[in-house]
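Visitor: Just dropping this structure here.
The values are calculated or read from the model by the stated rules, or taken from the named source; none is laboratory data. Given the structure is predicted, the values throughout are model-derived calculations rather than measurements. When we count neighbours, we look across all protein chains shown, and the Cβ atoms used for this are built from the backbone with ideal geometry, even at glycine. Keep in mind that these areas ignore ligands, DNA and RNA; they rest on the heavy atoms of the full protein, side chains included. Shrake-Rupley method; radii C 1.70, N 1.55, O 1.52, S 1.80 Å.
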Amino acid sequence: MTEISQAFAGGKKAFVGFITAGDPTLSDTKRYLEIMQDSGVDIIEVGIPFSDPIAEGPVIQNADARSLAGGVNLGDIFAMVESIDKKVPFLFMTYANPVYFYGYARFFARCRQAGVSGVIIPDIPFEESSEVKSVALGYGVTVIDMVAPTSEERIKKVCAKSQGFIYLVSSMGVTGMREKFDTDILSVYRKIRAVTDTPVCVGFGISSPEQAKTMAQISDGAIMGSAIVKIIERYGNKADEHLKEFLTSVASAVHSA
Amino acid sequence: MCKIKICGITECSALPAINTALPDYAGFIMTAGFKRSVTEDFVRECAKVLDPRIKRVGVFVNDDARRIARLVKEGVINVVQLHGDEDGEYIKRLKNLCPVTVIKAVGVEGGRVLPYPEECDIVLLDATDKNARGGTGKRIEWRRYKFDKSFILAGGITDGNVREAIAAVGPWGVDSSGGLETDGKKDAEKIYRYVANVRECRHMDKESKKGRFGAFGGQYVPETLMSALEELEQAYKKYSADEQFNAELKYLLDEYAGRPSRLYFARNLTRFVGGCKIYLKREDLNHTGAHKINNALGQALLAKKMGKNRLIAETGAGQHGVATATAAALLGMECEIYMGEEDTKRQALNVYRMKLLGAKVHAVTSGTRTLKDAVNECMREWTNRIADTHYCLGSVMGPHPFPTIVRDFQAVISEEAREQILSKEGKLPAAVVACVGGGSNAIGAFYHFIGDKGVRLIGCEAAGRGIDTLQTAATVATGKPGIFHGMFSLFCQDSHGQIAPVYSISAGLDYPGIGPEHAYLHDIGRAEYVPVTDDEAVEAFGLLSRTEGIIPAIESAHAVSYALKVAKEYGADENIIVCLSGRGDKDVAAIARYKGEQIYD
């Protein structure tokens, strides 16, 4: 299991990349994850598909639907992730119910076995997080906390004990590409900094190398999902070269920030 | 957190699963001659493989203390468990030979713990049997035992009953051996489930958290919505105690919506059934034709006070959408309704009604294109715009504080009904019967009767084509606990925790979940939940129309159908109340089609 902090070593800006497991098939996902870590992605988020992903925009919703239609299940996803020779930290991103249903202890035990360093579960906010954190901690798995532009007074309690990195949601709404950002991200970043030294990465809506660079300049890293999934949506199982090219350009933009 | 012990390990093949599950203790029977006895060398081999975080417990029965001390000193075992007649002197001697944690097995007889030596560190409660030392596999009585020492509960614990055991006994730790075996061997899946189930007993912490009904409820939503929920909670706390707010709401309910609704004695239906008296709580006579207006007016008024002038809402059959659009029109607010595309076809008349009232209707094309997807879309839209927008949730579901707010606004149903039945009959009803999707009319009809223990509360779920088919929406009958749409409750889901597509002839009941307060009332046995099929509901739809001249909503027809059975169980001096949650005009065309007649709305 790779430490998440490794991605930020020496003050490096991190490029966090997301794809949905099983889109279009698990063997394609395995190849794409390997391409991601070889193309400069510093932290990899593997999406475990859910029937009703309420924090996602249409691009990732459709990826989840494609994956589930292909019959992907959690056991197969664990096996696929376990089989990857990991050079960077891997995280799972999913929703509360598949994890609860699988059993928290069983889920985090398998995470540890598969070398997955952390999880992001957007529908488990701070107030409800102790039930997963207490179990995850026992298996050495980090639960990533999220901060929204509207968190304001909540930042203090949400970030006080944060680990790994803090997922700062760039703007209101769901995941998906945006043309511009209305939130004063720098001021939210500073509020978090006043509470903790945990690195902060910005996500939701980042779709180009330029946007990624801008976000990485005012934080500790940029998170990108829909823009990468969009490439897979378009090219299916033949996205290898397109992914390499795009990811490399985003990585160099983030790393030059 | 409750400590976890797995005992009676006899084969190396179990070790990888134990390492993955990571219990606190692994036990080995080290005195020869018992069913699961193993050798010192076997435990030495296991010590090399077992995760060092798992403490190895040597279990002994009247064995040589010097041998035990040697095994501890050699590092073969870390903890000693004694199952024989070892007394305080023995334990003192052992501790003198080597300082070690000692667990002493103690029997329970007649609900009382037998005497045990003070010198032990931890007590292990087990059923006693002189012929089967080292664990009998039998259960002791599960109840709270008074103890000044940490104690482990053993005997008959399995992966399936461990949560129940912890809830009943409240031990410091649990121990299982035979309960984790299949055909005499430790079963990896049972080990995972056992450990997971104990760790998840932290769910009992849930009960002390905000917005819980027992363990059910909570606030499982993205961080982007949390500030909006906090704002709503504070506003509701303020205005629900505000005299002027309550007076304004009462005025709207009485003068505009037509409250109080009638409690009507259905004489013909009663005669037809030949049981007790059947009363209908006529929510169908409310303005807009259903109970939904009670909640919509309440929330719209609350939103207005909060300075939010835009309402968004999900709707299934369209009744809540119409009610919200109506409240928005009355209070001069903007309104957008999300409705599954399937439902916009089934309930085309209500779509036009909403448009007529000035609302914008979005046909939701994601997922199964029904109510659950409309809720998803509404939540997504709310995260987009919370500053000026209130999500007027239509049922007793979703994240806290919605289940409480909606229940409070619907509780007017039982508040009136209780008074009405007492004045008409001079006694409480034998039962209150209501249909349940998310459960807002049911909780409204139940609420003021919950304290009347003699009144049966019966929720009628939509069974669709039957609970043994996949085409059902009966959550209590077919669902499992889960976390979805902001709450910990019961949900219809597949074998991987994906939310299952559900089906019912009624667009208002085909929701894959149930409100958390209903899950709680079911859990504690205060309310009964029964499945009613499409066919039964359609039958009751026709019957009530013919006997009483009242065309019920197909949702309410589910309650009518089951009420006929309930009425037969009681004599003529008793009575039951059926919540007639809505009127059936919207369903007439669909029922005609169901019966093979082609008519057009």
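Visitor: Please compute the contact order of the stretch B:462-601 in relative form: average sequence separation of alpha-carbon pairs under 8 Å and at least six residues apart, divided by the residue count, as a percent. Spell out each step's value before the answer.
Guide: Details: 219 pairs, mean separation 25.9, N = 140.
Relative CO of the stretch B:462-601 lands at 18 percent.
Visitor: While we're looking at this one, here's another question. Can you give the Rg and Dmax of the stretch A:147-212 based on its C-alpha atoms, in angstrom?
Guide: Radius of gyration, then largest Cα-Cα span, for the stretch A:147-212: 11.8, 33 Å.
Visitor: Sticking with this one: At a Förster radius of 45 Å, what calculated FRET efficiency corresponds to the Cβ-Cβ distance of A:GLU179 and B:ARG53, to the nearest 0.05? Numbers along the way, then the final one.
Guide: Values: r = 50 Å, r/R0 = 1.12.
The formula returns an efficiency of 0.35 here.
Visitor: Can you work out the FRET efficiency for the pair A:LYS156 and B:ASP388, with r the C-beta to C-beta distance and R0 = 45 Å, to the nearest 0.05? Present the calculation step by step, with values, prior to reporting the outcome.
Guide: Working: r = 27 Å, r/R0 = 0.59.
Here the calculated transfer efficiency is 0.95.
Visitor: Run the accessible area of the stretch B:325-381 with a 1.4 Å probe and give the carbon-and-sulfur part as a rounded percent.
Guide: Numbers: 1150 of 2200 Å².
Summing carbon and sulfur atoms, their accessible area is 52 percent of the total for the stretch B:325-381.
Visitor: Could you state how much accessible area A:SER256 has, in square angstrom rounded to the nearest 10, with a 1.4 Å probe and all protein chains kept in place?
Guide: My reading of the accessible area for A:SER256 is about 70 Å².
Visitor: On a 19 Å Cα-Cα criterion, which of the cross-link pairs B:LYS48/B:LYS73; B:LYS372/B:LYS480; B:LYS73/B:LYS149; B:LYS305/B:LYS355; B:LYS3/B:LYS55; B:LYS238/B:LYS292 come out too long? Write out the running numbers ahead of the final one.
Guide: Numbers: B:LYS48/B:LYS73 16 Å; B:LYS372/B:LYS480 17 Å; B:LYS73/B:LYS149 26 Å; B:LYS305/B:LYS355 25 Å; B:LYS3/B:LYS55 11 Å; B:LYS238/B:LYS292 23 Å.
Those over the limit are B:LYS73/B:LYS149; B:LYS305/B:LYS355; B:LYS238/B:LYS292.
Visitor: Within the stretch B:30-95, report the GluC sites (Glu not before Pro) that DSSP leaves as loop and that have at most 12 other Cβ atoms within 10 Å.
Guide: B:GLU74
Visitor: Please work out how much length the chain gains when fully extended from B:LYS305 to B:LYS92, using 0.36 nm per residue of separation minus the C-alpha to C-alpha distance, in nm with one decimal.
Guide: Values: separation 213, 0.36 × 213 = 76.68 nm, distance 7.15 nm.
Contour length minus the Cα-Cα distance gives 69.5 nm.
Visitor: Could you work out the percent of alpha carbon pairs in chain A separated by over 33 Å, rounded to a whole number? Each step should come with its number before you reach the end.
Guide: Numbers: 3265 of 32896 pairs.
The share of Cα pairs beyond 33 Å in chain A comes to 10 percent.
Visitor: Compare the Cα positions of B:GLN81, A:TYR189, B:GLY173 along the charge dipole of the protein assembly as shown (+1 at Cβ of Lys, Arg; -1 at Cβ of Asp, Glu; about the Cα centre) and return the one farthest towards the positive end.
Guide: B:GLN81
Visitor: Hey, how many Å between the Cα centroid of the stretch B:380-410 and the Cα centroid of the stretch B:144-200?
Guide: 39 Å
Visitor: What Kirkwood hydrodynamic radius do you get for the stretch A:101-182 when you take the inverse of the mean 1/r over all pairs of distinct Cα atoms, in Å?
Guide: Its Kirkwood hydrodynamic radius stands at 14.0 Å.
Visitor: Sorting A:SER5, B:SER561 by accessible area (1.4 Å probe), largest first, what list results?
Guide: Working: A:SER5 75, B:SER561 15 Å².
Result of the area sort, largest leading: A:SER5, B:SER561.
Visitor: Compute the semi-axes of the equivalent ellipsoid of the stretch B:1-143, taking the square root of 5 times each eigenvalue of the Cα gyration tensor, and list them largest first in whole Å.
Guide: Working: eigenvalues 106, 71, 40 Å².
For the stretch B:1-143, the ellipsoid semi-axes come out as 23, 19, 14 Å.
Visitor: Mind grabbing the interface size between A and B? I mean buried accessible area, both sides, 1.4 Å probe, in Å² to the nearest hundred. Numbers along the way, then the final one.
Guide: Working: alone 10930 and 24550 Å², together 31380 Å².
That pair of chains buries around 4100 Å² in total.
Visitor: Could you estimate the translational diffusion coefficient of chain B from the Stokes-Einstein equation, with Rh from the Kirkwood formula over C-alpha pairs, at 10 °C and 1.306 mPa s, in whole µm²/s? Display every interim value, and only then the final one.
Guide: Numbers: Rh = 27.0 Å.
The estimated diffusion coefficient comes to 59 µm²/s.
Visitor: Ok, one more. Over the stretch B:33-108, what percent of the accessible surface lies on carbon and sulfur atoms, probe 1.4 Å? Intermediate results must be reported in sequence, preceding the final value.
Guide: On the way: 1740 of 3530 Å².
In the stretch B:33-108, the share of accessible area belonging to carbon and sulfur is 49 percent.
Visitor: Let me ask another. If the cut-off is a Cα-Cα distance under 13 Å, which aspartates and glutamates reach B:LYS5, setting aside same-chain residues fewer than 8 apart in sequence?
Guide: B:ASP24, B:ASP159, B:ASP175
Visitor: State, as an integer percentage, the relative contact order of chain B based on alpha-carbon contacts under 8 Å between residues 6 or more apart. Provide the component values of the computation, followed by the final result.
Guide: Details: 1309 pairs, mean separation 68.0, N = 601.
Value for chain B: 11 percent.
Visitor: With every protein chain left in place, what is the accessible area per residue of chain B in square angstrom, probe 1.4 Å? Provide the component values of the computation, followed by the final result.
Guide: Working: 22550 Å² over 601 residues.
On a per-residue basis, chain B sits at 38 Å².
Visitor: For A:HIS255, B:HIS400, give the ranking by accessible area with the largest first, probe 1.4 Å. If you can, show how the numbers build up before the last one.
Guide: Working: A:HIS255 80, B:HIS400 25 Å².
Solvent-accessible surface, decreasing: A:HIS255, B:HIS400.
Visitor: For A:LYS213, go through the lysines and keep the ones whose alpha-carbon is under 20 Å away, minus same-chain ones fewer than eight residues off.
Guide: Within the straight-line cut-off, A:LYS213 pairs with A:LYS12, A:LYS13, A:LYS180, A:LYS230, A:LYS244.
Visitor: Quantify how strongly other chains surround peptide A:171-178 by giving the mean number of their Cβ atoms within 10 Å of each of its Cβ atoms. Walk me through the numbers on the way to the answer.
Guide: On the way: counts 3, 8, 7, 7, 1, 0, 0, 0.
Rounded to a whole number, the mean comes out at 3.
Visitor: Determine the shielding of peptide B:190-196 by partner chains: average, over its residues, the number of Cβ atoms on other chains within 10 angstrom of each Cβ. Display every interim value, and only then the final one.
Guide: Working: counts 0, 1, 7, 3, 1, 6, 9.
Mean shielding by partner chains, rounded to a whole number: 4.
Visitor: For B:PHE42, tell me the accessible area in Å² from a 1.4 Å probe, rounded to the nearest 10.
Guide: Result for B:PHE42: roughly 40 Å² accessible.
Visitor: Here's another thing I want to ask about it. Go through B:LEU349, B:LEU428, B:LEU71 and list them by solvent-accessible area, largest first, probe radius 1.4 Å. It would help to have the intermediate numbers written out before the result.
Guide: Details: B:LEU349 75, B:LEU428 55, B:LEU71 0 Å².
Most to least solvent-accessible, the answer reads B:LEU349, B:LEU428, B:LEU71.
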